[in-house]
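This report concerns only the one structure given below.
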Amino acid sequence: MFRTDLHLTRRPSAHTIGLFLFVLAAMAIAHHGSAQNTPLISGGVAFFSSTYAGSTSFYPIIEPLLAAPLGQHVLVESRAAFLEFYSPKGGNQSGYDHSHFIGLTYLQGDYVASRHFTIVAGDYLIPFNTYNDRLSPVWIGNFQDGPLIANLNFSSSGSGLGGMLRGNAIQRSKYSIDYNYYYSTRSANEQFSASRGSGGRACLYLPEQRLEVGFSYDRLLQRTHENFYGAHVWWEPKDTAFRLRSEFARGQHAQGYWVEADYRTKAFGGLDSPIGRIEPLFRMQQTFRLDTIASDGLPRVNTQRADFGLDYNLPHNTRILTSYARQFSASGNYNIWETGIVYRFLFPAWKGKQP
Amino acid sequence: MNSRHFLYVALVLAVVSALALAAQQSSTPATQPTKHSAAHKQAAQPQNEGERIFQQNCARCHNAPEGFSPRISGAILRHMRVRASLSQHDEEQLLRFFNP
């Protein structure tokens, strides 16, 4: 099963490489000033395997990220995905079919006026709930594949083309409130396809409790206008390596939720001990179809799924991800086995001045 | 298995998590930073303003990378400033945390 956030059908063009290089060149031209502001190349390289209902697929993937600060207030950033996909041939044939995908995940410019006000322009990840803009990179997600409701918002591709305002509305010692507001125009461009829509997200964060509660809303503003609602709760208790994350999303034709918990113990020599590097995971999710119109990427029938994972955090920014899931639905019950290894890289785009 | 069963599972999970958390908090953390890297600092108790900002903002979504060139610390901070709506003060404190 694919990661649901890869959007494989969206931008299958080699022009992406040219755009990526263009961003790199722009970074080079604009690079000046502080020795600590050398543009960076980060990202993840991974090899995943997934056995879904007895059929095993393989997909190596590279997700590079470029980020270049310009002056005191501007950041240009972009992320891409390079993916090869090997899946068994159908019809009792032996061997594997092979396909590949190259696409920009986002390409945006940010102007940071203050902590209260940042302007984002370009092709950006839609901040509806939390998975899409926070957890979707391969080097961050705990599971190989995203939740079933990851694309349940006005843009099934997960990105918008236009502008966004974001920032911190209120900052106090006991709490803070962040906001996002975005507008996306309609575009049929191969590289920057997008739907017309707008929406926003507001989050309340309690730093002492390490509790975050947020609400999202967006609306499709083309063809049949549709509303989407979302809510999320994150709880990451202080001085522990326990994390509980959850989301709920409701669209015009379907709704669903997921809850994920992960834990690492400090009791046997800390997080960097052989035991502390083990990270058990659990995720539960359900989707519910509200009518028979399946235009949102969710399963066509009500689906329940439980994932049991065990990750291992190796030294040198490397993780091993393993999981077993059981999926229940009217179309059949399946086992899903996933294993993979991810390496995160992070280095200067070129040799710069020593700070 | 119907949806009610799944809700029961969620409830059991929440209770188990809370118990595990209580047990964890009752024990004394043994972690000490051993190397100069943000990842190791992340595992220790907050020691300064920069570390507190890191744990309350950056570490909410991802683990810290195991060290990086000081030449890109400014780019990392600008990226985090956009993602987490950090202030100029936060950025300066984090820069000090990354480059003590």
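The values are calculated or read from the model by the stated rules, or taken from the named source; none is laboratory data. From a predicted model like this one, the values you see are computed outputs, not experimental measurements. Glycine gets a Cβ as well: all are built from the backbone with ideal geometry, and neighbour counts include every protein chain shown.
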Inset, instruction - Output the residues belonging to region A:340-355 that are touching a Pro at 6+ places or on another chain (Cβ under 9 Å), surrounded by fewer than 17 Cβ atoms within 10 Å (Cβ to Cβ) and part of a loop (DSSP other than H, G, I, E, B). - result: A:350, A:354, A:355
Inset, instruction - Select from region B:55-82 the residues that are among the basic types (Lys, Arg) and surrounded by 21 or more Cβ atoms within 10 Å (Cβ to Cβ) and write down the one among them that is nearest to residue A:317 (Cα to Cα). - result: B:71
Legend entry - Output for region A:38-64, where each listed residue is at positive phi and in a loop (DSSP other than H, G, I, E, B): A:53, A:54
Inset, instruction - May I ask you to list the residues in region A:325-339 that are over 8 Å from residue A:305 (Cβ atoms), at pLDDT 95 or above, exposed (fewer than 15 other Cβ atoms within 10 Å of the Cβ) and not polar (S, T, N, Q)? - result: A:337
Inset, instruction - Could you tell me whether residue A:283 is of a type outside the set (A, V, I, L, M), more than 27 Å from residue A:151 (Cβ to Cβ), in contact (Cβ under 8 Å) with a residue 40 or more places away in the chain and crowded, with 18+ Cβ neighbours inside 10 Å? - result: no
Legend entry - Filtered residue count, region A:172-216, keeping only those that are out of contact with any Pro (no Cβ under 9 Å at 6 or more places or on another chain) and among the charged types (D, E, K, R): 6
Inset, instruction - Filter region B:54-83 down to residues that are under 13 Å from residue A:42 (Cβ atoms), at pLDDT 90 or above and among the aliphatic types (A, V, I, L, M), then give me how many there are. - result: 4
Inset, instruction - Would you check if residue A:68 is in contact (Cβ under 8 Å) with a residue 24 or more places away in the chain, within 20 Å of the chain's Cα centre (by Cα) and within 14 Å of chain B (Cβ to nearest Cβ)? - result: no
Inset, instruction - Specify the residue that is nearest to the other protein chains (Cβ to nearest Cβ); the eligible residues are those in region B:85-100 that are buried (at least 20 other Cβ atoms within 10 Å of the Cβ) and of a type in the set (A, V, I, L, M). - result: B:86
Inset, instruction - Go through region A:254-316 and tell me which strands (runs of 3 or more DSSP E), entirely inside it, have 2 or more residues that are small (Gly, Ala, Ser) and out of contact with any Cys (no Cβ under 7 Å at 6 or more places or on another chain). - result: A:254-264, A:303-314
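Each row is one residue, and each column tells you yes or no for (1) within 30 Å of residue A:318 (Cα to Cα); (2) more than 14 Å from every other protein chain (Cβ to nearest Cβ).
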residue: A:102; (1), (2): yes, yes
residue: A:111; (1), (2): no, no
residue: A:114; (1), (2): no, no
residue: A:117; (1), (2): no, no
residue: A:140; (1), (2): yes, no
residue: A:173; (1), (2): no, no
residue: A:184; (1), (2): no, yes
Inset, instruction - Provide a single number: the residues in region A:109-135 that are in contact (Cβ under 8 Å) with a residue 40 or more places away in the chain and either touching a strand residue (DSSP E or B) at 6+ places or on another chain (Cβ under 6 Å) or crowded, with 22+ Cβ neighbours inside 10 Å (or both). - result: 16
Inset, instruction - Just one of (1) within 11 Å of another protein chain (Cβ to nearest Cβ); (2) at negative phi trips up residue A:220, so point out which. - result: (1)
